[in-house]
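The values are calculated or read from the model by the stated rules, or taken from the named source; none is laboratory data. As the structure is a computational prediction, the values presented were derived from the model and not from experiment. Note that each Cβ is placed from the backbone with ideal geometry, even for glycine, and that neighbours are counted across all protein chains shown. Quick note on the areas: whole protein, heavy atoms, side chains included, nothing else; ligands and nucleic acids left out. Shrake-Rupley method; radii C 1.70, N 1.55, O 1.52, S 1.80 Å.
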Amino acid sequence: MEEFIEKYINPFTDFGFKKIFGQEYNKDLLLDFLNTILLRGNDPIKEIKYKPTEQYTFTIEDRKSIFDIFCESESGERFIVEMQKNNQTHFLDRTLYFSTLPIIDQAQKGAEWDYKLSAVYVVAVMDFNLNMDGVHNGCLHHVKLVELESNKVFHDKLTFVYLEMPKFTKNLEELDDNVDKWLYVLKNISKLQNLPDKLRNRIFEKLFKVAEIAKYTHEEWIAYQLSLKDYRDNRASIQTAIEDGKKEGIKEGEIRTVHGFIKHGYVTVEQAAKSLNLTKEQLLSDFKKYNLVL
């Protein structure tokens, strides 16, 4: 069987995500992505400028956890865009914390300020699922401050957008709109060898050129390979931990390990059950036996 050679970068690597969305030369890609994901067809963002994320860090360690991209529109709206490879404890709290930084940054110092704010948007592209009860099963979630009694937006200055990429399963023939096309490209570009005709437009033609590994300098190629190794190591550690649990032969330890991965969105209940040669019902029964709640 012929070995597959990756032609385009993986957007879920740190290098790949910032190469596509985080460079001045490519800000038209970010603009199109934001207008699409934020459903801004009737009120498009026309211009953005990148702002340094380092202004929100206090130590070198802080820089490891800060968001990937911060930009501002011509009207003063702030946009935080980040790619998350792995779920983590209090991930939603993390995005909420990020949203407060550009809010506080708007305070006018040395002047009488009436607290008028520009809108803040936090966009999280996730290579895992949130697994939240009561949330619709789609892969794209728009979250605002809503009054529960009327289910109407109570305040429109804060918006969170979560993209659960593993949930996007459409093939080329099933793509309906530009949202579908962007999600398809993000999830599949590293598996493709050419730009599909159905995606052919100015934005995606440029994106595929930007993502073509063969055009990188030697330094860029090395940086990408290191970023790709980190991504693959993270993904491999999930399966390794499950396999290690099997080798130990300790039922409770194995079940607790798998429960942790499901809880953090790395695998679904169905995927975990299959890897253990159990039915979904058997696995859930084991969780109940050890008082493990999803």
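See the values below:
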{"quantity": "Checklist (1) open to solvent by less than 60 Å² (accessible area, probe 1.4 Å); (2) over 20 Å from the mean Cα position of the chain (by Cα); (3) at pLDDT below 95 applied to Ala119, failing item", "calculated": "(3)"}
{"quantity": "Any hit, segment 106-123, residues being in contact with a helix residue (DSSP H, G or I) (Cβ under 9 Å, 6 or more places away or on another chain), part of a strand (DSSP E or B) and either touching a residue at least 60 places away in the same chain (Cβ under 8 Å) or polar (S, T, N, Q) (or both)", "calculated": "yes"}
{"quantity": "Single unsatisfied condition, Met126 versus (1) farther than 16 Å from Phe33 by Cα; (2) surrounded by 17 or more Cβ atoms within 10 Å (Cβ to Cβ); (3) at pLDDT below 95", "calculated": "(1)"}
{"quantity": "Residue among Val161, Val153 that is open to solvent by 70 Å² or more (accessible area, probe 1.4 Å), assigned to a strand (DSSP E or B) and more than 22 Å from Asn234 (Cβ to Cβ)", "calculated": "Val153"}
{"quantity": "First in segment 215-233 and under 14 Å from Asn10 (Cβ atoms) and open to solvent by less than 70 Å² (accessible area, probe 1.4 Å), second anywhere and modelled with pLDDT under 90 and part of a loop (DSSP other than H, G, I, E, B), Cβ under 7 Å, 6 or more apart", "calculated": "Tyr231/Lys85"}
{"quantity": "Within segment 71-104, tally of residues that are part of a loop (DSSP other than H, G, I, E, B), within 13 Å of the chain's Cα centre (by Cα) and surrounded by 15 or more Cβ atoms within 10 Å (Cβ to Cβ)", "calculated": "3"}
{"quantity": "Asn129 touching a Pro at 6+ places or on another chain (Cβ under 6 Å) and not aliphatic (A, V, I, L, M)", "calculated": "yes"}
{"quantity": "Scope segment 166-183; condition over 12 Å from Ile37 (Cβ atoms) and either open to solvent by less than 70 Å² (accessible area, probe 1.4 Å) or assigned to a loop (DSSP other than H, G, I, E, B) (or both); matching residues", "calculated": "Pro166, Lys167, Phe168, Thr169, Lys170, Asn171, Leu172, Leu175, Asp176"}
{"quantity": "Subset of segment 1-49 (residues that are surrounded by 12 or more Cβ atoms within 10 Å (Cβ to Cβ), among the hydroxyl-bearing types (Ser, Thr, Tyr) and either assigned to a helix (DSSP H, G or I) or modelled with pLDDT under 95 (or both))", "calculated": "Thr13, Thr36"}
